[in-house]
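Report on one structure; see the data block that follows.
Read the figures in this text as sums done on the coordinates, not as results from a lab. What you see is a predicted model; the values in this text were computed from it and never measured. Virtual Cβ from ideal backbone geometry, glycine too; neighbours counted across all protein chains shown.
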Ligand code: GTP
Ligand code: MG
């Protein structure tokens, strides 16, 4: 082989296989999205189009990589859960992480015009990512609960903050008014000053988005009597469920089945 004198360089490549029999979680996060959202005039505190775009990218991920069993997204971040037994790229961390961020970033740009038909993408959006392995369903569920609690805390704060700013307060005044307030006080502020019932705001804003495969019923045809013929199939769906409590996981035992 002509190249054999150089082949020794391959020995510098280090093993980066992720621990076997663990759930692999890849979390991606938009880089400088504070600036990106300003430059593209996202609605404050939540831009429905931007969140739906993130969700569509996540759905494309699940279609492309069947080993992903669940994804959870909020704001500019998304977590992807690969099944315990996944052998995707022999569980090599750098492969799994790099393909996730590159695929997601690429779909985000690709689908932009579908969600923002009248807004030009001013520069390329990009994402960072990290990968962590979780050894038990309990710890994995706690991880997801942690992200959803974060969604709740941030969304409630941001909803109050922007309501105050839109009502004429400066950002500093709004910040000071909210400093040290508890959940209940924030809900009361929203209700009393702005007639906003926090619990009736869109679930996507309050709970974030879950993407997973679920059984859906399709009517495939109608028989001679005009009765519908139904078939069940698995389809990637987006829902805004509570994943802090136990009920979601008991109602969907297949998602984390080993
Ligand atoms: P890095 O991730 O460290 O690069 O910083 P970042 O600027 O992306 O901030 P971070 O990831 O901590 O937070 C995401 C930011 O994106 C939020 O603070 C918002 O400024 C912005 N953002 C995300 N979703 C929305 C949205 O729906 N509407 C608006 N207006 N801004 C959003
Ligand atoms: Mg970010």
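Let me know the whole percent of all Cα-Cα pairs from the stretch 16-145 that are separated by more than 24 Å. Don't jump to the answer; show the numbers that get you there.
Numbers: 2465 of 8385 pairs.
Cα-Cα pairs in the stretch 16-145 separated by more than 24 Å: 29 percent.
Annotation for residue 214 and residue 169: the two label points, set 7 Å from Cα along the Cα-Cβ direction, are 3.6 nm apart.
So how do 32-38, 97-103 stack up, highest first, on mean other-Cβ count within 10 Å?
Working: 32-38: 13.9, 97-103: 17.0.
Going by the mean number of other Cβ atoms within 10 Å, highest first, we get 97-103, 32-38.
Peptide packing: for 203-211, 228-236, the average count of neighbouring Cβ atoms within 10 Å per residue gives the ranking 203-211, 228-236, highest mean first.
Distance between the C-alpha centres of the stretch 193-227 and the stretch 32-59: 21 Å, rounded to the whole angstrom. Helix 183-194 and the long axis of the chain differ in direction by around 50°, with both axes built from C-alpha atoms. Once every Cα of the stretch 161-238 carries one equal point scatterer and solvent is ignored, give the base-10 log of I(q)/I(0) from the Debye formula at q = 0.11, 0.20 Å⁻¹, two decimals. Values, matching the q order: -0.55, -0.94.
Extending 7 Å from Cα along the Cβ direction at residue 118 and again at residue 21 yields two label points whose distance is 5.7 nm.
For the chain, what does -39500 (n - 2.57) per DSSP helix run (n ≥ 4), summed and divided by total residues, give at 222 nm, in deg cm²/dmol to the nearest 500?
Values: 8 runs with 107 residues, N = 258.
Result for the chain, helices only: -13000 deg cm²/dmol.
Translational diffusion of the chain was estimated from the Stokes-Einstein equation, with Rh taken as the Kirkwood radius over Cα pairs; at 25 °C and 0.890 mPa s the coefficient is 117 µm²/s.
Each label point was placed 7 Å from the Cα along the Cα-to-Cβ direction; for residue 196 and residue 258 their separation is 4.4 nm.
Taking the square roots of 5 times each eigenvalue of the Cα gyration tensor of the stretch 112-258, largest first, gives ellipsoid semi-axes of 37, 23, 20 Å.
Can you tell me the length gained on complete extension of the stretch residue 130 to residue 221, counting 0.36 nm per residue apart and subtracting the Cα distance? All intermediate terms of the calculation are to be shown ahead of the outcome.
Values: separation 91, 0.36 × 91 = 32.76 nm, distance 4.56 nm.
Difference between extended and current length: 28.2 nm.
Over the stretch 3-81, the ratio between the Cα radius of gyration and 2.2 N^0.38 Å evaluates to 1.61. Using the average count of surrounding beta-carbon atoms within 10 Å as a protection proxy, the listed peptides 47-53, 178-184 rank, highest first, as 47-53, 178-184.
Starting from the Cα-Cα distance between residue 44 and residue 249, subtract it from 0.36 nm times their residue separation and give me the gain in nm to one decimal.
Stretched out fully, the residue 44 to residue 249 stretch lengthens by 70.6 nm.
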